[in-house]
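The structure under discussion appears below in the form of structure tokens.
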Amino acid sequence: MLENVRYRLQAEGLTPVIAPPAPRRFGRVNWLGAWTVCRRDLQRNIQEWSTSFLAPALQSLLFAVVFGFALGGADAAARVGDLDYVAFLAPGLVAYALLERAFETTAFSIVYDKLERMINDIIGAPLTPGEIVAGYALAATGTGMLAGAATFLALLPFLPGPPHSIVATLAFGAAGALMLGLIGLAGGLWAYKWDHISGIETFVVVPIVYMSGVFFPLDRLPGALHVVATYNPLYYVIDGMRWGLIGRAGTDPLGGFAVAAATDLALWALCWVLFHIGYKLKP
Amino acid sequence: MTDSPTPRHLGAVNWLGLWTLYLKEVRRFMSVFTQTIAAPVVTTLLFLAVFTLALGRAVEVVNGVPFAQFLAPGLVMMAMVQNAFANTSSSLVIAKVQGNIVDVLMPPLSPGELTVGFAMGGTTRGMVVGIATVIGMSAFVDFSVQNPGFALFHALAASLMLALLGMIGGIWSEKFDHIAAVTNFIITPLAFLSGTFYSIRRLPEVFQTIAHLNPFFYMIDGFRYGFTGHSDTDPLLGVAVMTVANAVLWLVCWRMFATGYKLKA
């Protein structure tokens, strides 16, 4: 149809004039651009909901059941303080699912984008480093929190009651998911093949999360490890989520949140610098 | 007159082709050994640490065996079966998605040879991972072997069974999502709920009955019997169940390759 019009115009000796589109204008922040980066990862995870949300929920449920069975009636001896072991474990598993999913969201997204060269579409778009970091990191935060919510629902039978403080749970959940999202982003920028990023996950992230109070109170770690573990910001996140969900904590929640927020800020700055200098992205 | 190559003559079995397929399957996982061998060793050690730190105080002995010694064979078995399954399933799904499955289907390999080649590759991965995890854990746990025959039989039978299941899953799957779902929603729960971490004697009656219907239970129980000398059920029954299960799965795989189910148009 359009072609016909053009031929007819040319036959009459006329040339159609097509006006170039006016440059898009945006204010100080390219909100649409940052949201597009974020939405892409969110949609990807929601589309694959069975892998993104159902699988971590089921995995956590399996852990809760298996630990319960493994106790085999020795519940009294396994108590943490005056808390049943499985009640202690359940909030840790919610935190674990949330943290792992947040890491995977940015880590795999950025490595995939790099390997498939789609990263050029993001580097080439009118996005500042801050907007790119925000786009990726917020998608990870959202995905992590959805995975945490799914796990929370799956573990309801093991939790002693409704959340002690919804605000604290959400605040620590968001801080933790953001933390792992940013770690995944930095790790994904460093990695240049799948081996590297899955190596970071298997050999660094998962061991650290496992040893941060998901499964047992830190004082069960032998001496030196115990001291090292208390310097780990993830410990404060997991402990804070446990406080939010069941009202028990080994640390002061406010102080813990300050540690988590400061860590997030430092990681955000790191990611900002990496995108700013184009680390492993620009020649 | 040019010398046209004479057609290669194969005997009853294409040994060279079979060996080539097997080597391909083994090299595929050896070239990424950090992901395929080192990763399961680290994960298994983490599980050992987590379970002993979380429950070690409360659960000192299981069926007369110290908790860590009870747990270790279960963890080894879990790593073996997960990796044997991953080897064949990922190999087939990747080949199907990328289209290079034709390179396996076109050569003069019979369905039986294909089944053997893939299954042996997966079994080898399972055994290598099993040996690596035993070595890794022996720094922390005392692995005394009471009945080496049972341990070896169940290690081989379980790796083979999961390699065959992985082939069935891989052939059935049309994309990565499908095989991920099989792994997440079938294989992992079966591996977790089959007595890897606990003795099923401690379960309520109903769960005990269910556990006895799960072939994964027999392989873990039999393997553990090989190490600790204690089992939840008759070890010979386990040998029978594993033999029958493997024979059935073998026939299913053979049939899938023979009919070209989801492989040939």
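Please treat every number below as a calculation from the coordinates, not as lab data. Quick caveat: nothing in here was measured; it's all calculated off a predicted structure. Using ideal geometry, Cβ is built from the backbone for each residue, glycine included, and neighbour counts are taken over all protein chains shown.
Key figures
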{"read-out": "Count of residues meeting criterion [free of Cβ contacts under 8 Å to residues at least 60 places away in the same chain and either surrounded by 18 or more Cβ atoms within 10 Å (Cβ to Cβ) or touching a Pro at 6+ places or on another chain (Cβ under 7 Å) (or both)] in region A:217-235", "value": "5"}
{"read-out": "Pick from region A:154-180, criterion touching a Leu at 6+ places or on another chain (Cβ under 9 Å), assigned to a helix (DSSP H, G or I) and of a type in the set (A, V, I, L, M), ranking: farthest from residue A:105 (Cα to Cα)", "value": "A:168"}
{"read-out": "Residues of region A:46-66 classified as over 29 Å from residue A:86 (Cα atoms) and in a helix (DSSP H, G or I), total", "value": "2"}
{"read-out": "Residue check for residue A:163: within 23 Å of residue A:63 (Cβ to Cβ), surrounded by 16 or more Cβ atoms within 10 Å (Cβ to Cβ) and out of contact with any helix residue (DSSP H, G or I) (no Cβ under 6 Å at 6 or more places or on another chain)", "value": "no"}
{"read-out": "Yes/no for residue A:110 being closer than 24 Å to residue A:269 by Cβ, more than 13 Å from every other protein chain (Cβ to nearest Cβ), touching a Gly at 6+ places or on another chain (Cβ under 7 Å) and not small (Gly, Ala, Ser)", "value": "yes"}
{"read-out": "Tally of residues being among the hydroxyl-bearing types (Ser, Thr, Tyr) and at the interface with chain A (Cβ under 10 Å from one of its Cβ atoms) across region B:154-193", "value": "2"}
{"read-out": "Selection status of residue A:246, under 16 Å from residue A:175 (Cβ atoms), of a type outside the set (Gly, Ala, Ser) and out of contact with any strand residue (DSSP E or B) (no Cβ under 7 Å at 6 or more places or on another chain)", "value": "no"}
{"read-out": "Extreme residue, surrounded by the fewest Cβ atoms within 10 Å (Cβ to Cβ), among residues of region A:48-76 that are polar (S, T, N, Q) and within 10 Å of chain B (Cβ to nearest Cβ)", "value": "A:50"}
{"read-out": "Hits in region B:170-202 - residues which are touching a residue at least 24 places away in the same chain (Cβ under 8 Å), polar (S, T, N, Q) and not in a loop (DSSP other than H, G, I, E, B)", "value": "B:183, B:188"}
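Per-residue answers, yes or no, for (1) out of contact with any Leu (no Cβ under 8 Å at 6 or more places or on another chain); (2) not small (Gly, Ala, Ser):
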{"position": "A:23", "(1), (2)": "yes, yes"}
{"position": "A:27", "(1), (2)": "yes, no"}
{"position": "A:30", "(1), (2)": "no, yes"}
{"position": "A:49", "(1), (2)": "yes, yes"}
{"position": "A:73", "(1), (2)": "yes, no"}
{"position": "A:80", "(1), (2)": "yes, yes"}
{"position": "A:92", "(1), (2)": "yes, no"}
{"position": "A:97", "(1), (2)": "yes, no"}
{"position": "A:109", "(1), (2)": "yes, no"}
